[in-house]
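Following: one structure in structure tokens, then a few remarks.
The values are calculated or read from the model by the stated rules, or taken from the named source; none is laboratory data. Keep in mind the model is a prediction, meaning the values are calculated, not measured. Glycine gets a Cβ as well: all are built from the backbone with ideal geometry, and neighbour counts include every protein chain shown. Just so you know, the surface numbers come from the protein's heavy atoms only, side chains and all, with ligands and any DNA or RNA stripped out. Shrake-Rupley method; radii C 1.70, N 1.55, O 1.52, S 1.80 Å.
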Amino acid sequence: MLRLLNPVQEELLALEEEFGANNYHPLPIVVAQAQGVWVTDVAGKRYLDCLSAYSALNQGHAHPVLLKAFMEQARKVTLTSRAFHNEQLPHFCEELADLTGLDVVLPMNSGAEAVETAIKAARRWGYQRKGIESGQAEVIVCEGNFHGRTTTIVGFSSEAGYQKDFGPFTPGFVQVPYGNLDALRAAITPRTCAFLVEPIQCEAGIILPPPGYLEDAAALCREHNVLFLADEIQTGLGRTGSWFACEYAGVEPDIYILGKALSGGFYPVSAVVGRREVMELFTPGSHGSTYGGNPLGCAVARAALDVLREERLVERTAGLGVTLLEALKPLEGGLVREVRGRGLLIGIELTAPARPYCERLMEHGVLCKETHDFVIRLAPPLVITEEEMLWMVAQVRAVLG
Ligand code: IF1
């Protein structure tokens with residue numbers, strides 16, 4: 001365990017330990033300020049943020065364009081509820097539909113809510129369009145999935161720690177090994193309404209599927225009249241060097257599930273974007289959310305998309321990602337089992353637990369977090385410069401090399 005010398009930090013950690021629920025094990029840093037890719041702790045020490053709040057900060061901390069949109073909208077109106085219309089939601093829906101090439105947008109707040117929304121959409125489509133017998137619809141999911149923390153979602157997790165003593169769980173989900181097309185084919189029945197998948201499994205340790213898998217899975221789904229639901233909450237919006245990780249595989253999903261960077265770290269905004277044939281089955285009263293589609297969130301999300309577009313962050317990320325992977329690959333061997341990833345989403349798998357190395361990286365001024373014990377995840381904001389990235393590589397080399 002790292003020792004904290006600053007009494008202010010000690011005090012804050014003690015307070016949080018006493019009054020906050022113990023559902024996290026954060027690194028012992030108390031962030032006071034952040035701008036762009038840099039974070040400053042309460043003692044004034046600077047760190048390069050290589051977690052980006054799990055890819056919610058693709059645009060970097062406190063992006064001025066987002067801040068402006070946020071402040072301007074906050075002065076006008078922040079919340080109307082969906083009982084009334086607002087000036088931002090229609091534009092947000094149009095812009096997100098255009099971006100994805102899909103038809104209809106349903107805004108929510110958290111990623112988990114958006115996943116739940118997509119499951120509802122798929123089930124309704126299964127009953128009303130595919131003709132599945134009432135109450136019998138099945139959704140196929142992948143082993144190692146991470147889609148959020150609701151009781152339904154953790155119910156189809158393969159991770160015991162996410163489930164323990166939270167049951168009973170929602171029926172209607174079938175697990176198949178990730179990347180195995182034969183297993184997917186075998187799992188499809190006439191009751192299958194959807195296949196829910198992450199184009200790259202992030203929490204599982206930045207697991208890229210075998211080449212052709214997503215494409216073949218999408219074709220299989222089409223052949224069997226099964227909806228393809230892509231959870232791009234973490235991989236979407238530029239992170240992997242394309243707007244969506246599905247694009248890289250040439251896959252057009254029936255539904256995109258988006259969140260995190262959709263609002264660039266300002267405010268929780270998530271969305272389900274889908275084909276009209278599916279989304280039109282939501283009718284007034286069938287689904288909703290108090291804050292979902294609120295004008296503040298929509299204004300921020302529109303600015304978040306603008307920044308990605310205007311600053312060409314997606315194209316930049318593709319280039320930076322190649323450089324980063326090339327720079328880190330030579331670390332393989334000994335402590336480093338494998339370096340893998342795409343764009344600015346890199347996993348460094350170690351032969352030893354990763355946590356102590358994340359703590360040492362923190363001492364070197366690089367903030368990142370282990371995932372699944374043995375993997376260090378590197379995912380800096382997409383606004384990182386090449387120079388900053390190479391400095392980060394030097395710190396990683398110093399700690400792991
Ligand atoms: C935590 C992990 C990352 C996600 C995908 C849906 C959601 C997430 C692909 C739900 C959320 C988070 C949440 C955060 C840590 C984190 C995480 F390590 F746990 F798995 F990013 F890799 N789909 N991911 O990655 O979105 O409801 O949180 O808005 O739960 O501790 P949310």
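Residues that are of a type in the set (Lys, Arg) number at least 1 in the following strands (runs of 3 or more DSSP E) confined to segment 247-357: 336-342.
Just checking, which of HIS63, HIS91 is farther than 26 Å from LEU345 by Cβ and away from the ligand (no atom under 16 Å from the Cβ)? First the steps, then the outcome.
Values: HIS63 fails: farther than 26 Å from LEU345 by Cβ.
Going through HIS63, HIS91 in turn, just one is farther than 26 Å from LEU345 by Cβ and away from the ligand (no atom under 16 Å from the Cβ): HIS91.
Only one entry of THR117, THR151 meets the criterion of being surrounded by fewer than 16 Cβ atoms within 10 Å (Cβ to Cβ) and within 14 Å of the ligand (Cβ to nearest atom), and that entry is THR151.
Output the residues belonging to segment 207-224 that are open to solvent by less than 50 Å² (accessible area, probe 1.4 Å) and not aliphatic (A, V, I, L, M). Break it down stepwise before answering.
Initial filter on segment 207-224 (open to solvent by less than 50 Å² (accessible area, probe 1.4 Å)): 209, 212-214, 217-221.
Of everything in segment 207-224, those that are open to solvent by less than 50 Å² (accessible area, probe 1.4 Å) and not aliphatic (A, V, I, L, M) turn out to be PRO209, GLY212, TYR213, CYS221.
Screening segment 154-206 for residues that are more than 15 Å from the ligand (Cβ to nearest atom) and of a type in the set (Val, Ile, Thr) and picking the one that is surrounded by the most Cβ atoms within 10 Å (Cβ to Cβ) gives THR192.
If you take the residues in segment 376-389 that are within 21 Å of the chain's Cα centre (by Cα) and not small (Gly, Ala, Ser), which one is most open to solvent (accessible area, probe 1.4 Å)? Within segment 376-389, the match that is most open to solvent (accessible area, probe 1.4 Å) is VAL383. If we scan segment 50-71, do we find a residue that is exposed (fewer than 14 other Cβ atoms within 10 Å of the Cβ) and within 20 Å of ASN109 (Cα to Cα)? Scanning segment 50-71 turns up at least one residue that is exposed (fewer than 14 other Cβ atoms within 10 Å of the Cβ) and within 20 Å of ASN109 (Cα to Cα). Taken as a whole, the structure leaves LEU184 outside the set of residues that are touching a Leu at 6+ places or on another chain (Cβ under 7 Å) and within 23 Å of LYS260 (Cα to Cα).
Quick grid of which residues meet (1) open to solvent by 30 Å² or more (accessible area, probe 1.4 Å); (2) more than 16 Å from the ligand (Cβ to nearest atom); (3) at pLDDT 95 or above:
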position	(1), (2), (3)
CYS358	no, no, yes
PHE374	yes, no, yes
TRP391	yes, yes, yes
VAL399	no, yes, yes
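Pairing each residue of segment 306-317 that is β-branched (Val, Ile, Thr) with any residue that is outside any loop (DSSP other than H, G, I, E, B), provided the two are 6+ apart or on different chains, yields C-beta distances under 6 Å for VAL307/VAL65.
Within segment 376-389, the set of residues being away from the ligand (no atom under 16 Å from the Cβ) and in contact with a Gly (Cβ under 7 Å, 6 or more places away or on another chain) comprises VAL383 only.
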